[in-house]
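Step one of this worksheet: look at the structure below.
The values are calculated or read from the model by the stated rules, or taken from the named source; none is laboratory data. Every value quoted in this text rests on a predicted model; they were computed, and no experiment measured them. Ideal geometry is used to build each Cβ from the backbone, glycine not excepted, and the neighbour counts take in all protein chains shown. Keep in mind that these areas ignore ligands, DNA and RNA; they rest on the heavy atoms of the full protein, side chains included. Shrake-Rupley method; radii C 1.70, N 1.55, O 1.52, S 1.80 Å.
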Protein chains: 2
Amino acid sequence: MRNMTEEELTQLVLDGYSNTDNPRLREILLSLIKHLHEFVRDVQLTEPEWIEGIKYITAAGQISDDKRQEVILFSDLLGISSLVNMISAKVPEGATESTVIGPFFLENAPERAWGESVAKREIGDPMIIRGKVTGMNGEPVPNARIDVWQTDANGMYDVQDSNAPEHNLRGYYRTNERGEYLIKTVRPTSYPIPVDGPAGDLVRAAKRHPWRPAHVHAMITADKYQTLITHIFDGEDQYLDSDVVFAVKESLIHDFRMNESEADAKSFGVNAPFLDLEQNFILPKQRVAA
Amino acid sequence: MRNMTEEELTQLVLDGYSNTDNPRLREILLSLIKHLHEFVRDVQLTEPEWIEGIKYITAAGQISDDKRQEVILFSDLLGISSLVNMISAKVPEGATESTVIGPFFLENAPERAWGESVAKREIGDPMIIRGKVTGMNGEPVPNARIDVWQTDANGMYDVQDSNAPEHNLRGYYRTNERGEYLIKTVRPTSYPIPVDGPAGDLVRAAKRHPWRPAHVHAMITADKYQTLITHIFDGEDQYLDSDVVFAVKESLIHDFRMNESEADAKSFGVNAPFLDLEQNFILPKQRVAA
């Protein structure tokens, strides 16, 4: 055991974790060890490079707080988040597709009343998003919770913008007894991911642009249905084909239509003209645990 | 690009980093992406599992500070540090072998004078470590810096022990003009890695014991020679064959001999009996950059 080859060391480490109680955790740990050791061997990682990596991961943890999650951002930038989403959040044909949660979701966002806007200052183009939450058979889902969060017209989330009103462009709505919802907001903008931390170093080193195409984040939660974490992308955005975090799916791209009808505006409690998006969220039933 | 298979996503991410300027960083990033994606696919990682991993990594960064490095500890526990050491710090036959640096090294430890002890309280068995720093041809290396750090008789490093004198059992010596050094200390003890953070969760989940065999850390730095980071293990320790961080090498295990000679004690400025270890550090010349 004391004079080992590289392969013997890897096997010794694998053996060290073979008594992990939880079989799923054991499977994950053994695979993680195997792949990380292969990575180290493949590139013949040196100690100075290893310590750079250690510093990078440490810095990502340390810059994270209750308003910023740099480790998620790092996972997003390496396409890991999108891959996990693709593997893990598969939905049946006909259900609304999911995508990554991103680093800006907050627990404890405030509830928004029917007809209330999440936009707490007037600097963007007014927009409504409306429709139904239904199951796969078209049945309405009443009292579903729809969390939304997005950038303002200045390209910043509330948590990045010290001038923004609290919880600006963030909050959750409930569907009514017919499964209908009405979100009032402003048009989201494309924006650069935060580049003042380790993630920024990565983007610059790779000569990538830091932009994400404009989108509204939505998370839909309802009893007995699978939780849906998704984006509503603006179909006119220039970054749809080069999203820095690889999270665009075709079915999530929408046409934000200009609605000039005074009657429609009046019925939704907004001023014409306004951007009008009709979008149903279709949720599969929750899988029953075996 | 927008409706992708898992394999197409991985390729898209790899393409995203193919313009990385620094060719070595590009090689490392592309391999890291490839292996992490393979890991995610192999275990079919779910979003809840992914978020657990994110929280774990974030917590490891956040519990780290100028006295504690949990990300290194995590790397140590997964055998990554030892593997990197094995790959990257190879030395020619005859040179002193290296091992991992571990999470307790501190920059800015104090210099210790010839004859001074790094033990700043009297709770362990007195020990000296003495010998020469030489090159591969036996030439003495004067003015080499020998950093040492180790646990006290209570199993704690200074940074873990609020009752310890500052920099207890930590500091650096210099070799004299004949390449000789004299370290005064106490016998190190085996100790559990810190288990009050994320690393502890991992060790418990894997049902591993948290112990490291007793050792003195040493780092030897000298102009024109390769820096050596190593351990001096106590040959009587019960954990030599089950080091929790997989860092034992046979050549680093030593017999801590009891020396009862009053004359020897007097010549080293200690009281008899004392533990007496003679150990030469043999350093290869620094590789000249091409």
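Assorted remarks:
- Here A:E97, A:E93 are screened, and the one residue that is more than 7 Å from chain B (Cβ to nearest Cβ), more than 15 Å from the chain's Cα centre (by Cα) and farther than 30 Å from B:V91 by Cβ is A:E93.
- Among residues of the range B:257-290, those that are within 21 Å of B:D147 (Cβ to Cβ) and either open to solvent by less than 40 Å² (accessible area, probe 1.4 Å) or among the hydrophobic types (A, V, I, L, M, F, W, C) (or both), counted: 8
- Number of the condition not met by B:A206 [criteria: (1) open to solvent by less than 10 Å² (accessible area, probe 1.4 Å); (2) of a type outside the set (D, E, K, R); (3) farther than 21 Å from B:L78 by Cβ; (4) touching a Phe, Trp or Tyr at 6+ places or on another chain (Cβ under 8 Å)]: (3)
- Test: residue in the range A:150-167 that is within 30 Å of B:L14 (Cβ to Cβ) and within 14 Å of chain B (Cβ to nearest Cβ): no
- Of the candidates A:H254, A:H217, A:H231, the single residue that is touching a helix residue (DSSP H, G or I) at 6+ places or on another chain (Cβ under 9 Å) and either modelled with pLDDT of 95 or more or open to solvent by less than 50 Å² (accessible area, probe 1.4 Å) (or both) is A:H231.
- In this entry, B:R130 is excluded by the filter for residues that are of a type in the set (K, R), within 23 Å of B:K285 (Cα to Cα) and in contact with a Lys or Arg (Cβ under 8 Å, 6 or more places away or on another chain).
- Single residue of the range B:100-135 satisfying the filter (in contact with a helix residue (DSSP H, G or I) (Cβ under 6 Å, 6 or more places away or on another chain) and within 14 Å of chain A (Cβ to nearest Cβ)) that is surrounded by the fewest Cβ atoms within 10 Å (Cβ to Cβ): B:P103
- Within the range A:52-76, the set of residues being closer than 30 Å to B:S98 by Cα and more than 8 Å from chain B (Cβ to nearest Cβ) comprises A:E52, A:G53, A:K55, A:Y56.
- Applying the criterion of at least 3 residues that are more than 14 Å from chain A (Cβ to nearest Cβ) to the strands (runs of 3 or more DSSP E) found wholly in the range B:219-283 leaves B:257-259, B:274-278, B:281-283.
- Within the range B:1-20, the residues that satisfy the criterion of being assigned to a loop (DSSP other than H, G, I, E, B) and closer than 22 Å to A:V84 by Cβ are B:M1, B:R2, B:N3, B:M4, B:T5, B:Y17.
- Qualifying positions in the range A:77-90 - facing chain B (nearest Cβ under 7 Å) and either on the phi > 0 side of the Ramachandran plot or surrounded by fewer than 16 Cβ atoms within 10 Å (Cβ to Cβ) (or both): A:G79
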